[in-house]
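Structure record follows, encoded as structure tokens.
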Amino acid sequence: MKIKYSNPKSKFWIIILSTLLITSCESFLEVDLPQSQLSNVSVYENYETATTALTSIYGNLRDQGMFNEGAGIGLTGALANYTDEMVAYDESSTKIYVNFYNNTLLPSNTFVSGFWNSAYNQIYAANAVIEGAEASTVLTAEQKRQLQGEALFIRAMLHFNLSNLFGDVPYVTQTDYKVNRLMARTEIKAVYDLVIADLKSAIAMLPVNYISTNKVRPNQLTAKALLSRVYLYQGSWTEAESTSSSIIGQSGVYTFEDELNNLFLIGSKETIWQLRAATSDRNTWEGELFILPVGPPSLTALNASLVETFSNTDLRKSKWIKAVSSGNSTWYYPFKYKERLFTTASKEYLVLFRLTEQYMIRAEARAQLDNLQGAKDDLNKIRRRAALDNTSANSKTELLDAILQEKRWEFFAELGHRFFDLKRTGKLDLNLSGVKQGWNTTDRLFPIPEKELNTNPNLRPQNPGY
């Protein structure tokens, strides 16, 4: 979005905000954040600077924490190595993926603490927007709804991911650091309830239509896409089925892509929400990091055992997986994102929600509700695009297993779907014990960062196994 400066003060605050929001705090517990310019009432004196306060969070999501595979480590690489999708090769001092691959995480792991701290800093920023917009006497009611709706969606998404990684976590809804720094953990069931409440509020505030090009600002349907996922994880099958159906039914907004190579392009008809690249000539960190120009890999590559599970006729194998060789050795890498380096203009953004997931959510919810034919219809739509025959599953159990397997093929190396699916279905140990070196039942949760426990005794006890 190009912002026009209505006055010099606007330009000043935009520069200040941009600087603040790309700076990562060491710990959200330690900084007197309310004294920063982010909470200054002047930021919300006009829509331009208020919008910058909000949209800068998206840049932070892309460049720091859970969704960043560049200057650190993101959910995709971490959880693909943590489960059975990728293999770590990094032997440098940083060992970016090795501790995830070997399942040897410690409370002192800097990447784990990075997930925690970046998420809570981004939650703080979202809360500052919510409070600042509410207190503004200048913004219109419509402007307030837009800003607060997006901020509520961000807050819900981050807490949802935090709870799926760490279990019980603090649910932070304000900017008073004196309260935040001593908050106790909220039970995961209550976290889910709070996430759902935030998403319902966001849905009521956000428009159905996108207010930005290329779907880089969330709309009402984006919040619904996350809500359907939360319902699925919660086991609320009726709600998951109806919510996913409400998105699938928006044929004027989203269309099922028949060509697999189009799914991750900027203009994909299936994209529900994506994060814009940092500059107009960049693409994704995923493409830059995972595409292997030569072998052997310096950081990570696909697990050959995963590649072998694909049928040779599966188009996802030929279009989304590539190989490099050196001597007698061959390594495979994800090729969903196809641009490794800069292009004249960006071709790919990081896709966080896509229509295919809604079909998979609805298929699973329908199977759980004993609508087996409806579940098959959704599953087969995805299989046929991959040039596979219709599923041979007949019973409810067979169909649920087939859906889980199909998700493994469809969402491999994509934002931790495999880990979260195995975890919520109680199949982590079944699939990883004896397969992954160092896997323990307690590895279903990450450790609470050591520094956070030392600073805030209300976060104790540490998660089991650490």
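For the structure I just gave you, tell me whether Lys381 is crowded, with 19+ Cβ neighbours inside 10 Å and either under 19 Å from Leu226 (Cα atoms) or not polar (S, T, N, Q) (or both).
When the stated conditions are applied, Lys381 does not pass them.
Would you pick out the residues in the stretch 114-135 that are in contact (Cβ under 8 Å) with a residue 24 or more places away in the chain and either more than 17 Å from Tyr171 (Cα to Cα) or of a type in the set (Lys, Arg) (or both)?
Gly114, Gly132, Ala133, Ala135
Filter the stretch 372-383 down to the residues that are free of Cβ contacts under 8 Å to residues at least 12 places away in the same chain and either more than 25 Å from Leu263 (Cα to Cα) or β-branched (Val, Ile, Thr) (or both) and list them by number.
Once the filter is applied, which keeps residues that are free of Cβ contacts under 8 Å to residues at least 12 places away in the same chain and either more than 25 Å from Leu263 (Cα to Cα) or β-branched (Val, Ile, Thr) (or both), the stretch 372-383 yields only Gln373.
Restricting to the stretch 384-429, give me the number of residues that are free of Cβ contacts under 8 Å to residues at least 40 places away in the same chain, over 23 Å from Leu260 (Cβ atoms) and either charged (D, E, K, R) or assigned to a loop (DSSP other than H, G, I, E, B) (or both).
9
So, in the stretch 226-255, of the ones that are part of a helix (DSSP H, G or I) and among the small types (Gly, Ala, Ser), which residue ends up surrounded by the fewest Cβ atoms within 10 Å (Cβ to Cβ)?
My answer is Ser242.
Considering only the stretch 187-200, state which residues are of a type outside the set (A, V, I, L, M, F, W, C) and crowded, with 19+ Cβ neighbours inside 10 Å.
Listed by number, the residues that qualify are Tyr192, Asp198.
Mind checking which residues of the stretch 349-371 are of a type in the set (Phe, Trp, Tyr) and closer than 15 Å to Glu257 by Cα?
Across the stretch 349-371, the qualifying residues are Phe353, Tyr359.
Go over the candidates Thr442, Thr397 one by one and state the one that is under 24 Å from the mean Cα position of the chain (by Cα) and over 19 Å from Thr309 (Cβ atoms).
Thr442
Identify, please: which residue in the stretch 359-378 is under 28 Å from the mean Cα position of the chain (by Cα) and among the hydrophobic types (A, V, I, L, M, F, W, C) and is, among those, surrounded by the fewest Cβ atoms within 10 Å (Cβ to Cβ)?
It comes out as Leu369.
Residue-by-condition table, conditions (1) in contact with a Phe, Trp or Tyr (Cβ under 8 Å, 6 or more places away or on another chain); (2) surrounded by fewer than 20 Cβ atoms within 10 Å (Cβ to Cβ); (3) not charged (D, E, K, R):
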residue: Arg385; (1), (2), (3): yes, yes, no
residue: Asn394; (1), (2), (3): no, yes, yes
residue: Asp401; (1), (2), (3): no, yes, no
residue: Glu414; (1), (2), (3): no, no, no
residue: Arg424; (1), (2), (3): yes, yes, no
residue: Leu430; (1), (2), (3): no, yes, yes
residue: Thr441; (1), (2), (3): no, yes, yes
residue: Phe446; (1), (2), (3): yes, no, yes
residue: Arg460; (1), (2), (3): no, yes, no
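Take the stretch 362-387 and flag every residue that is among the hydrophobic types (A, V, I, L, M, F, W, C), closer than 16 Å to Gln405 by Cβ and in contact with an Asp or Glu (Cβ under 8 Å, 6 or more places away or on another chain).
Ala363, Ala375, Leu379, Ile382, Ala386
Quick test for you: out of Ile248, Ile266, pick the one residue that is under 22 Å from the mean Cα position of the chain (by Cα), over 26 Å from Asn164 (Cα atoms) and among the hydrophobic types (A, V, I, L, M, F, W, C).
Ile266
Is it the case that Thr356 is over 19 Å from the mean Cα position of the chain (by Cα) and under 26 Å from Gly426 (Cβ atoms)?
Here the answer is no, as Thr356 does not meet what is asked.
One line per residue, one yes/no per condition, for (1) over 13 Å from Tyr124 (Cβ atoms); (2) modelled with pLDDT of 50 or more; (3) of a type in the set (A, V, I, L, M, F, W, C):
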| site | (1), (2), (3) |
| --- | --- |
| Leu20 | no, no, yes |
| Thr23 | no, no, no |
| Glu26 | yes, no, no |
| Leu29 | no, no, yes |
| Leu33 | no, no, yes |
| Ser39 | no, yes, no |
| Asn46 | yes, yes, no |
| Thr51 | yes, yes, no |
| Asn60 | no, yes, no |
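Quick one: which helices (runs of 4 or more DSSP H) sit completely within the stretch 103-221 and have at least 3 residues that are β-branched (Val, Ile, Thr) and farther than 20 Å from Glu239 by Cβ?
In the stretch 103-221, 110-135 are the helices (runs of 4 or more DSSP H) which contain 3 or more residues that are β-branched (Val, Ile, Thr) and farther than 20 Å from Glu239 by Cβ.
Please indicate, with yes or no, whether at least one residue in the stretch 445-457 is in a loop (DSSP other than H, G, I, E, B), basic (Lys, Arg) and touching a residue at least 24 places away in the same chain (Cβ under 8 Å).
Scanning the stretch 445-457, I find no residue that is in a loop (DSSP other than H, G, I, E, B), basic (Lys, Arg) and touching a residue at least 24 places away in the same chain (Cβ under 8 Å), so the answer is no.
If only one of Thr49, Thr76, Thr94, Thr55 is surrounded by fewer than 24 Cβ atoms within 10 Å (Cβ to Cβ), of a type in the set (Val, Ile, Thr) and either touching a helix residue (DSSP H, G or I) at 6+ places or on another chain (Cβ under 7 Å) or not in a helix (DSSP H, G or I) (or both), which one is it?
Step by step, each of Thr49, Thr76, Thr94, Thr55 is checked, and only Thr94 is surrounded by fewer than 24 Cβ atoms within 10 Å (Cβ to Cβ), of a type in the set (Val, Ile, Thr) and either touching a helix residue (DSSP H, G or I) at 6+ places or on another chain (Cβ under 7 Å) or not in a helix (DSSP H, G or I) (or both).
The values are calculated or read from the model by the stated rules, or taken from the named source; none is laboratory data. Quick caveat: nothing in here was measured; it's all calculated off a predicted structure. A quick note on method: Cβ atoms are made from the backbone with ideal geometry, for glycine too, and the neighbour counts reach across all protein chains shown.
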